[in-house]
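Take a look at the structure set out below.
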Amino acid sequence: MAKAKKATKAKKAPAKKAAVKKTVAKKPAAKKAVKKAVKKTVKKAAAKKAPKAKVKRKPNAAFMKPMTPSVALAAVIGSNPKPRTEVTKKIWEYIKKNKLQDAKNRRMINADDKLKEIFKGKKQVSMFEMTKLVAGHLK
């Protein structure tokens, strides 16, 4: 009996949809109302998905604070107090100018005499380890 009930429900549902479509098709005013409703929902959905305006990031005050380099670091970047961002830029300028980046593995920096003092006597350091070692030379 359960199968028979399901079959009758399945037959009735399409008939109802067809009847609704016929009544909408017969009434042009109803078609316009349906179109307006669809447009409103589409506009609302588009308005919700609009991205928020991006706010310009403020630089972190800790990075912008001028730091005094040690004597060993001053030989590479100069003795004037500079923010950490500038110190990193100056070190990279020095590395590229003197071609101290390893040819095979570009993440590694080969130390010359000046950089060996900063790198605690190591001949080669990764770029990530370099920033850690440079931080120890800033006050």
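The values are calculated or read from the model by the stated rules, or taken from the named source; none is laboratory data. Note that the coordinates shown come from a computational prediction; the quantities given were computed from them, not determined experimentally. Every residue, glycine among them, receives a Cβ derived from its backbone with ideal geometry; neighbour counts consider all protein chains shown.
The lone criterion from (1) modelled with pLDDT under 80; (2) assigned by TED's automatic domain parsing to the domain that holds Met130 left unmet by Lys99 is number (1). Taking Leu115, is it touching a residue at least 40 places away in the same chain (Cβ under 8 Å) and within 26 Å of Ala62 (Cβ to Cβ)? Answer is no for this residue.
One residue stands out among those in region 64-94 that are free of Cβ contacts under 8 Å to residues at least 12 places away in the same chain and closer than 15 Å to Met127 by Cβ: the one that is nearest to the chain's Cα centre (by Cα), which is Lys89.
Selection of region 97-111 for residues being within 17 Å of Gly78 (Cα to Cα) and assigned to a loop (DSSP other than H, G, I, E, B) yields only Asn98. A single member of Lys132, Lys54, Lys114 is part of a loop (DSSP other than H, G, I, E, B), at pLDDT below 95 and basic (Lys, Arg), and it is Lys54. In the set (1) surrounded by fewer than 14 Cβ atoms within 10 Å (Cβ to Cβ); (2) at pLDDT 95 or above; (3) not polar (S, T, N, Q), the condition left unmet by Gly121 is number (2).
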